[in-house]
1. Strictly greater than 26 Å: what percent of every Cα pair in chain A meets that?
2. Between B:Tyr346 and B:Gln420, what is 0.36 nm times their sequence separation minus the Cα-Cα distance? Round to one decimal in nm.
3. Treating only the Cβ atoms of Lys and Arg (+1) and Asp and Glu (-1) as charged, compute the dipole magnitude of chain B about its Cα centre; round to the nearest 20 debye.
4. Work out the charge dipole of the protein assembly as shown with +1 on the Cβ of Lys and Arg and -1 on the Cβ of Asp and Glu about the Cα centre, then indicate which of B:Ala433, A:Leu276, B:Ala501 is farthest towards its positive end.
5. Using Cα pairs closer than 8 Å and at least 6 residues apart in sequence, work out the relative contact order for chain B, in percent.
6. How shielded is A:270-277 by partner chains, expressed as the average number of their Cβ atoms within 10 Å of its Cβ atoms?
7. What ³J(HN,Hα) values, in whole Hz, does the Karplus curve 6.51 cos²θ - 1.76 cosθ + 1.60 give for the range B:461-466 when θ = phi - 60°, with x put for Gly and Pro?
8. What is the spin-label model distance, in nm, from B:Asp396 to A:Ala30 if the labels are put 7 Å beyond Cα along the C-beta direction?
Amino acid sequence: MATEPRIYPSKRFRFEIKDNLWKWIFLLPAVAIILILLAVPVVWTLYAAFTDLHLYRIGDFETEFVGLANFQKLMSNRSFWRTARNTVVFMLGVVPAQLIIGLTVALALNNITRGQKLFRTWFLMPLMVSPVVVSFIVGRMLFQEDIGPINDILRNLGFEGVPWLTSPTWAMVALMAIDVWQWSSFMILMLLAALQGVPPDLHEAARVDGANQLQSFWRITVPLIMPITMTALLIRIIDAFKVVEIIMVLTGGGPGQATESVTLAIYRTGVKGGDLAFGSSQAYFLLIVLMIFGGAYLVLTRRAMGKD
Amino acid sequence: MANKVSRRQFLRLAGGAAGAMALAACAAPAAPASSGDEAMSQEKIVIRYAGLDGMGARVEAFMLPWVEENGYELERGAFGQQELTDKIMQSVATDTYLADIFQFPSNARADVINAGALQEIPTEVLEAIDFDDVLPGIVNTLSWEGKIYALPYDGDIHYYSFRKDLFANEDINSRFKDSFGYDLSPDTGAVTWDQWRNICEFFTGWDWNENGEEDDFGAACMTKRGDTLWWGFNSRATAYAKHPDDDAYFIDLDTGEARLNNPGFVRALTEWVEEMQNWAPPGGTNFTYGDSLNAMNGGRVAQTYNWDAVTSATSPETSVIQGLQGYNILPGSHEVFNSKSGEWDYFDIPSHAPFHAFGGWVIAVSAQVDDLAYDAVWGFVTHLTKPESGLAFVTDLTGASPYRFSQMDAVEEFATGPLQLGEEVAMDYLNAARETLDHPNAVTDQAFGGWVQYRDALELGVSKALANELPPQDALDEVAVAFNEISERMGGLQHQAELYARTLGK
C-alpha cells in the first residue's frame, strides 16, 4: 500500500507565512490605493445620504444628521420614480435587442470561413467610439427632425418626418437605437467567442445520431454558450441601468422627463445642483437595486445551469 | 559559478530599490548647480487663468504680448461652458484652488462671491479701467452688497432679431396687412408679443426664402432642457410677468414664494408652446441655442431672440442673411400681470421688460492668489478689462457683447471693424444693447444661491409643457412647488428672498 509523504505542518506553516509576507508587502500599495479610491467614496456617500449636506447653500448652516429623511423623500418623489421607470424601459428595450442581434450575427460569423477576422474587427469598431461621439454623430445628426438624413429619406419616400427628439415615445426609441447600434457589437464578440468554444465533434456526433440543425442548436450550442451569454447579459443590464452619456447629448432627459435616467437625475441633483445628500440617497438606492438584482441573477442562472 | 537571481530574489531587490528611490524622492532637493542669477531667471511668475475654451483662447492671444513683455508666464485652463461653471462652483464650495483668475457666469455671483472666493477689486484697478464707463445693468452683475468683486468682460443679453429685408418688402407687407390689419415695421420688428405671434403665423408654410420648398417658418427659439431653455422661456415671459411697479420677478421679495405659476407666466408658456409647436421648424420644441441660431442664419425663420444673433450672422460661413437682420429689445406687452394685486394691468404704450439673460461672463481674481503673483494678476486683469481692450473684444468675433457707455457710441468700430456689421446694423445693434442694459424695467437674471437647481426645475416643467406631457398651468404649478422646495433646502423662503433682494442691489 502506498503511503502519502509525511508533511511537517509546523515547518510548512512557517514557510507559508514567510512566503506570503512578501506577497502581502508587494500587494499592499495596490490594495491600499484601491481601498482608498473605492471605500472612501462609498462610505462618504453613505454618510452624506443621512445628512442635509448641500454644496451651494449660502449662509451659516451646519450639516445635520437627518436620519432616513432623504430616503423617505425619495420614496415619495414622483420625479425620481419617473426616471426609474424610464431606466427600466430603456433596459428592457435595448438588452433583448442586443442579445438577438448579437446571437444572430455571431452565428452567421461562426459559420463563415473567409473574412471572419475582418468582420470581427469591423464589429469591434462601434465599441471603440465614445458614447458621446456616437450620440452626437449617430444621434443628433441622423435623428435631427428638420434636416436630418433619416427624416429626409422618409419625406422623399412620401412619409411624414418622425418627431425623433420631440415626442416622448420616439425620443426613447432614438436613444435605444443608438445604444443598440453601439453595444450589439459587444454581444456579437462575446457570443462569437462562446460559439467558437463549442467543440465541433459534438455537432458531428449529434448529426450521426440523427439530430437536425435546430435540435443541435438547442440541445448542444445553447447550453454550452449559456455561461458566457448570461455573463454578457448581466454586464449589459448593469450598463443599461447606468446609462447617462447618450441621454445627456441627445435629449438632455427630455422632452419633458421622458428620457431622463436615474443616473442622469443623480448627476443633476448631486453634482450640478449641489444637493449631495439627496443625490447620495438616489445613488445608494440605485446601488442597492443593482446589488439585489445582480445577486438574484447570479443565483438563478447558476441554478438554471445546474451548478448548485 | 554564475550568479543567478531567482524571480523571488529579483522582486525583493526591485522592491528594495523602489523603496530607496521613493525615500530619496522625499528627501530635500539638492542645491541647484547653476548660478543664482540663472535660478532666478527660471522662477518666472506664472499667472493661471481658467475660462471657456474659445473665449479663453482669444484672451490668451490678446494678453500674450503683455505677459511676455512683463516677463510672466501664462497657464490657461480651458473648459466647456457647463464644465467651467461646475468646476468653479465645486472649487468654491470645497474651498480649493482653481486658478488665479477665472471667468465665471455672473448669475453664479451669490454662490461665488458670498462664499468669500474672490478678492474685492481694488480702487486703483477700478480707476485704471474707467469703471464709471460701465453700464449700471452690468455693474450690478459685478457687485455684492455694494462692493465690486468682478470685472466686466461681456454684456450678455437677449436681443430680438428679425428679417429687416422681408419686413421692408412691399408685396410681403401688403399680404401681411391684409391678414392682420397693420404694417410690418422694418425699423422695429415686433413691438409686442402679439405682433411676434402674428409674424410667426404669417411666415409659416410658404416659400418666402425662395428656395423652392415650403419649409419656411415664423420663429425658432432655444427650447431644449439642459441647454438654454431657462433663458429662452424667461425672455418670452418677462413682458407679461414683470410689472414696472414691482422689482421682483422670480420670487416674491416679501414672502419668498415662487411666482412661476402666476397668470403672467402661464400665458407666456401657453403662447410659447403654441408658437413652437406650430410655427417653428420641425423639432422646434427641442432646439438648442445653436439650432435656433442656425435656423435664423440659414434663412429658415423670420425672427428669433438670442445672444449671438449679431456676431454669428456676420460670417459667410455660418449665415446666408448677412446685413439683412434688424435688432431691437425684446417685444413688450400691453397687458402685464400684477402679482401684488392679482390682476392684469393695461398699458397704452407696451410695457417692455428686457431680460438680462445670463448677464454675461465676468472676470474675477481668486482669494487664493499667491502673494508672489499678486501684482502680476492684478496687472493682467487691468490690462484685459480696460476700455481699449474691452472694445477690441466686443468688436471682434469673440461672442462678447458691449457693456460700456463708450462702446455704445463706437458705431464706426462695429460697422467697419472685424465684425463688418455696416452702419445701419451696427446702429440697430447698439441701440438695442443700450436700451436693454439701461432699461428701468429690465429683469436681472436669477442670481441668488442655488440657481442651477432652480434652473433645472423650471426647465423640467416647461419642457413637459412643450412635449404636451402637462398643460402649461399644471407644469408651472410643479415648477412653483419645486422652487419653494429648493428655497427651503437652501435656507428657507425668507432667506432666499433676502438673497434675491441683494442680487437686485436692494
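Any read-out appearing in this document is the output of simple, stated calculations on the displayed coordinates, not a laboratory observation. Source: prediction; values computed, not measured. We place every Cβ from the backbone using ideal geometry, glycine too, and count neighbours over all the protein chains shown.
1. Value for chain A (Cα pairs over 26 Å): 64 percent.
2. That works out to 22.5 nm of additional length.
3. Approximately 2280 debye in magnitude.
4. Looking along the dipole axis, the top candidate is A:Leu276.
5. Contact order relative to length: 22 percent.
6. Neighbouring Cβ atoms belonging to other protein chains average 5 per residue here.
7. In residue order, the calculated couplings are x, 5, 4, 5, 5, 5 Hz.
8. Going by the 7 Å Cα→Cβ label model, 5.2 nm.
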